[in-house]
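Only one structure is covered here, and it is reproduced in the block below.
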Amino acid sequence: MSLLADVLAPAPAAPPPAVRGEDLHALVRRLYPICRSITGDGVRETLAILQEYLPELEVHEVPTGTPVLDWEVPREWNIRDAWIKNARGKRVVDFRRHNLHVVGYSVPVQGIFTLEALKKHLHTLPEQPQLIPYRTAYYAETWGFCLAHEQLEALNEPHYEVCIDSTLAPGALTYGELLLPGETDEEILISSHVCHPSLANDNLSGIAVAVFLARQLQERPRRYSYRFVFAPGTIGAITWLSRNAEAVARIRHGLVLSLLGEPGAFTYKKSRRGTADVDRAVALALREAAVPHRVVEFEPYGYDERQYCSPGFNLPVGGLSRTPYGQFPEYHTSADNLDFVQPEALLDSLLLAQSALSLLDANRRYQNLSPYGEPALGRRGLYHAVSGHPDAARAQLALLWVLNLSDGQHSLLDIAERASLPFAQVQHAAELLLAHDLLLPLPDPAP
Ligand code: ZN
């Protein structure tokens, strides 16, 4: 390739995606039937499937009662069956038909209840009468069923037989973790919750995107090390944080992935810091992808960014989603199913996350080694006046911006933002200047 072609090349084009949206959807379909909760065999079964995709994924078991930050690992919950039967012995509500029918963490129960007494334990959505709601009672000793409001209205017998065949007993909290070492031991954290039962977008979409992100990162050179955490929401992230002080200290950037499977506009929720590199990198990746999106400020509610961004940690961890929690009618209902999650949306989410991460990985500071006046680019074959060629003009501008701002204070991300140039163009200019000994890569500043 000639030097001119080299200068003109806007940066290597992204290779065609080796992954298909259908591959992500297949993983979602595989995980969908499993009854997950914050502890129990559903999480183990889920992580065992993820290990088929990521054989290096480690599974950790933390015993019930273990103190974790201000919390304690709860008793482990498992469920085998649950039903409400009418007088003829017919299951009118059946856990085997849908695992959302049982309130998560329900204590075992067996007996005959009057309809009036039973109703205190039934949860419905009168506004969405055909949908089963998702309810949990992790930290209250109670039991309950969730059903379509239409089902509730059809209950007209005086008594019903009820059974929840569950156990709530000492056991463990289970989470999965994968570290992909890079050139530096500084880390990018990717975290996804794994505690929802049959809900496809809320939970499984984030898991699928994280799994395929890890598979792709495994195949390429990495400056940063990447740590993937698959843990139950809240208590899982708290457990991971409490056991990983050393890794926590190495986290330079992080993303919580959730709600990435439907075609709604992207939402990036900034870290608590608000101006962390990850906040700027994701915003830039979204702008450059020219996809509908919005960037919102941090708030201490949502997914596990709440824990990573608690003030004691204050990690630069943002949240990438599409339509946010609670803002789509399928949220936390049986309508968040396999039809709601779409292969193309999953794939686009993966590509977006990938481009934000590759931007972070390439982002660094350089020192201009010839800072007194502009270096003679023409002599080095780097300066070509190709009049009227907008790409050439932009490529040259990128060289000049990188040289001008590479004073050790500005990163490539700073330069792309300030020059309003595509990051890939700035990155390519830096690579050229580096190859011509005009730049020196600098270590990342201490956080
Ligand atoms: Zn949820």
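General observations
- Kirkwood analysis of the Cα pair distances in the stretch 365-441 returns a hydrodynamic radius of 12.3 Å.
- Folded to 0 to 90 degrees: helix 423-435 orientation relative to the chain principal axis, Cα: 50 degrees
- Listed peptides 342-351, 306-315, 83-92 appear in the order 342-351, 306-315, 83-92 once ranked by packing, highest mean of other Cβ atoms within 10 Å at the front.
- Cα long-axis angle, helix 390-405 against the chain (0 to 90 degrees, to the nearest 10): 90 degrees
- With the charge dipole of the stretch 284-329 set up from +1 on Lys and Arg Cβ and -1 on Asp and Glu Cβ about the Cα centre, the Cα lying farthest toward the positive end among the listed residues Ala290, Tyr301, Ser321 is that of Ala290.
- Three-way shape label, the stretch 188-304, alpha-carbon gyration tensor, a/c 1.5: rounded
- Base-10 log of normalised Debye intensity for the stretch 161-220 (one unit scatterer per alpha-carbon) at q = 0.23, 0.30 Å⁻¹: -1.06, -1.29
- Protection proxy ranking of 191-203, 260-272 - average other beta-carbon atoms within 10 Å, highest first: 191-203, 260-272
- With respect to the chain, whose longest principal axis is taken over its alpha-carbon atoms, helix 206-218 is tilted by about 40°.
- Footprinting exposure proxy ranking of Trp401, Trp240, fewest other C-beta atoms within 10 angstrom first, gives Trp401, Trp240.
- Computed from the Cα positions only, the extents of the stretch 76-169 along the three principal axes stand at 35, 29, 22 Å, in decreasing order.
- Considering only the chain, percent of DSSP beta bridges that pair antiparallel, nearest 5: 65 percent
- Relative packing of peptides 102-108, 433-439 - highest average C-beta neighbours within 10 Å first: 102-108, 433-439
- Computed helical MRE - 222 nm, the chain, DSSP H runs ≥ 4 contributing -39500 (n - 2.57), nearest 500: -9500 deg cm²/dmol
- The ranking of Glu417, Glu219 by Cβ neighbour count inside 10 Å, starting from the fewest, reads Glu219, Glu417.
- For the stretch 41-118 and the stretch 140-194, distance of Cα centres in Å: 6 Å
- Note on the stretch 284-305 and the stretch 317-351: Cα centroid distance 14 Å, given to the nearest whole angstrom.
- Neighbour counts of other Cβ atoms within 10 Å put Phe230, Phe145, Phe298, Phe95 in the fewest-to-most order Phe298, Phe95, Phe145, Phe230.
- Reciprocal of mean inverse Cα separation for the chain (Kirkwood radius, Å): 23.9 Å
Where a number appears in this text, it was derived from the coordinates with a stated rule and is not lab data. All figures in this text were calculated on a predicted structure; none of them were measured in a lab. No Cβ is skipped: glycine too gets one built from the backbone with ideal geometry, and neighbour counts run over all protein chains shown.
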